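Step one of this worksheet: look at the structure below.
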Amino acid sequence: MSRSDRETEQKNGYGDRLKEITAVLKKHSITRGISPEKLRLILEDLGPTYIKLGQLMSLRSDILPKRYCDELMKLCSEVPPMPFSEVIEVLEESMGCPWQAEFQKIQEKPLGSASIAQVHRATLKTGEEVVIKVQRKGIYETMARDIGLMHKAVRLMPPVSIKGAVDLNMVLSELWTVTQEEMNFLTEAANISEFAKKNKGVAFVKVPILYREYTTIHVLVMEYIDGIAINDKEKLLQNGYDLNEIGSKFVDNFIKQVIEDGFFHADPHPGNVRIQGGRIVWIDMGMMGRLTERDRQLIGQAVEGVAFKDIGKIQDAVLALGEFKGKPDHSRLYQDIQELMEKYGTADIGNIDLAEVMVDLMEVMKENKIMMPHGLTMLARGLTHVEGVLADISPEINMIQIAAARIKEEFLSEGSWKKEIKVNSRNLYRAFKKSIEVPSLTADFLQGCMKGQTKINLDLHVANDLSRLLRRLVRNIVMGLWVMALLISSSIICTTDMKPKLCGIPALGALGYVSAFIIVMYVFIKHFFSNK
């Protein structure tokens with residue numbers, strides 16, 4: 001096929017797809033705005049690509065309003081499977097040989113079919129039972145085309161929508177970046193290896209064996225896990241499992257991933273967590289979250305601030321974690337955090353829902369136009385799933401208590417003590433070094449004061465009510481001075497024989513009296529009708 005033919009085919013594809021999108025948008029009356037439910041229905045009608053995008057958008061609770069994220073989480077990931085012939089075609093193209101050269105058999109019926117890939121059970125030539133995750137044929141080109149069309153659609157959206165509340169072009173660009181990573185199965189293979197390494201010492205955790213020799217960008221081969229879903233209470237009880245023990249270990253390991261490893265499973269819904277042989281098996285590592293050492297320290301600082309009701313500590317952590325879209329309003333942020341503390345300040349620690357606290361904190365950040373690190377938004381999503389599993393299998397277990405125990409254990413560990421001593425020693429050295437300079441700095445300051453050379457810069461932040469009060473006070477004082485000046489000057493003019501005259505008094509003096517009266521009436525009426 002020539003280059004011109006390919007370009008013509010691509011244009012026709014864009015045109016046909018654009019007609020489909022236009023028809024769906026017209027069906028849902030897009031010009032009347034987009035409600036959360038309408039957005040979900042539109043994405044479902046647009047097909048697998050947009051369903052996946054919607055699922056990724058539900059992670060961005062720091063950008064999208066909470067009601068949109070909650071609605072998008074309802075999107076179903078199951079889509080019609082691609083024909084088995086296409087599965088074999090992708091597999092053989094990836095392997096570079098007939099599939100019979102490496103596999104004894106491949107089950108034609110898929111175990112699951114999602115928007116990006118589908119999974120089939122198979123048996124290797126060596127006899128191991130495995131699952132093959134095969135990427136949908138042409139999915140990369142399809143999603144790239146649809147993302148391009150969505151960028152164009154954003155420019156045509158009416159102002160009565162979520163367009164004014166969020167930069168949709170930025171959201172689409174971030175979603176495309178995340179989607180590209182998820183479509184590269186070598187990235188998921190690396191995630192599996194790293195996750196297995198970090199949890200190697202945890203006896204009750206299992207990670208499926210990765211067969212890297214068969215894994216490529218489009219195909220992933222790993223051990224078949226014939227386990228019980230973590231929320232299948234009947235089967236778990238029939239096999240003699242203790243639901244409370246499973247819940248406790250599940251939460252403890254997730255907290256360990258977050259606090260100790262900084263590398264955690266970002267999509268721990270029941271379909272991705274199984275119980276096999278008394279161990280918790282984590283599968284599907286396509287969506288993983290990362291937190292840097294600095295992020296973990298700041299999160300710990302925020303938790304410490306909540307524990308000690310220290311609003312300033314929480315505010316400092318939030319400002320250090322996030323990135324402001326505009327000029328930060330410190331007074332508003334302080335007030336919002338104070339309201340958050342009032343909500344949870346009187347609650348017993350055993351009754352606090354950690355996922356709810358995280359979601360509320362994300363709302364505060366969003367209201368103050370603070371962009372959060374991607375890892376933190378994924379942590380909020382992960383906590384929501386973990387809380388959902390706990391509520392289902394062992395509702396009496398509280399995540400925050402297990403998290404507190406894990407943090408305490410880490411703090412009391414030898415490595416943590418050595419790290420803490422090292423940090424405190426460094427801070428003590430810096431403080432001692434700066435304290436030596438205090439006398440000379442004090443002498444310089446006093447000398448500057450005596451010579452009139454000292455300048456003090458103040459950056460004051462006041463509440464909006466106080467700011468309005470001060471503005472009104474200054475305005476009234478200025479108007480009062482104007483009235484006083486007009487009355488005095490008019491009275492002096494009236495003692496002269498200045499012409500022209502009005503009713504026996506100089507017209508200029510009469511004008512001054514009238515002006516002063518108008519100003520007084522303006523201030524009186526404005527004060528009378530004001531509700532402040």
Residue within region 107-119 that is in a helix (DSSP H, G or I), within 25 Å of Thr177 (Cβ to Cβ) and among the small types (Gly, Ala, Ser) present: no
Members of region 246-269 found to be open to solvent by 10 Å² or more (accessible area, probe 1.4 Å), part of a helix (DSSP H, G or I) and farther than 17 Å from Ile299 by Cβ, listed by number: Ile246, Ser248, Lys249, Asp252
Selection status of Ser489, at pLDDT 80 or above, open to solvent by less than 70 Å² (accessible area, probe 1.4 Å) and either farther than 30 Å from Gly300 by Cα or assigned to a helix (DSSP H, G or I) (or both): yes
Filter result (loosely packed, with under 14 Cβ neighbours inside 10 Å and of a type outside the set (D, E, K, R)) within region 492-506: Ile492, Thr495, Thr496, Met498, Pro500, Leu502, Cys503, Gly504
Tally of residues being at pLDDT below 80 and part of a helix (DSSP H, G or I) across region 23-43: 4
Matching residues in region 215-245 - criterion: being in contact (Cβ under 8 Å) with a residue 40 or more places away in the chain and open to solvent by 40 Å² or more (accessible area, probe 1.4 Å): Ile217, His218, Tyr224, Asp226, Asn231, Lys233, Asn244
Any hit, region 199-214, residues being at pLDDT 90 or above, among the aromatic types (Phe, Trp, Tyr) and open to solvent by less than 20 Å² (accessible area, probe 1.4 Å): no
Test set (1) modelled with pLDDT of 80 or more; (2) within 30 Å of Lys52 (Cβ to Cβ) - Gly278 fails condition number: (2)
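The values are calculated or read from the model by the stated rules, or taken from the named source; none is laboratory data. Please read these numbers as outputs of a predicted model, since none were measured by experiment. When we count neighbours, we look across all protein chains shown, and the Cβ atoms used for this are built from the backbone with ideal geometry, even at glycine. With ligands, DNA and RNA removed, areas are computed over all heavy atoms of the protein, side chains included. Shrake-Rupley method; radii C 1.70, N 1.55, O 1.52, S 1.80 Å.
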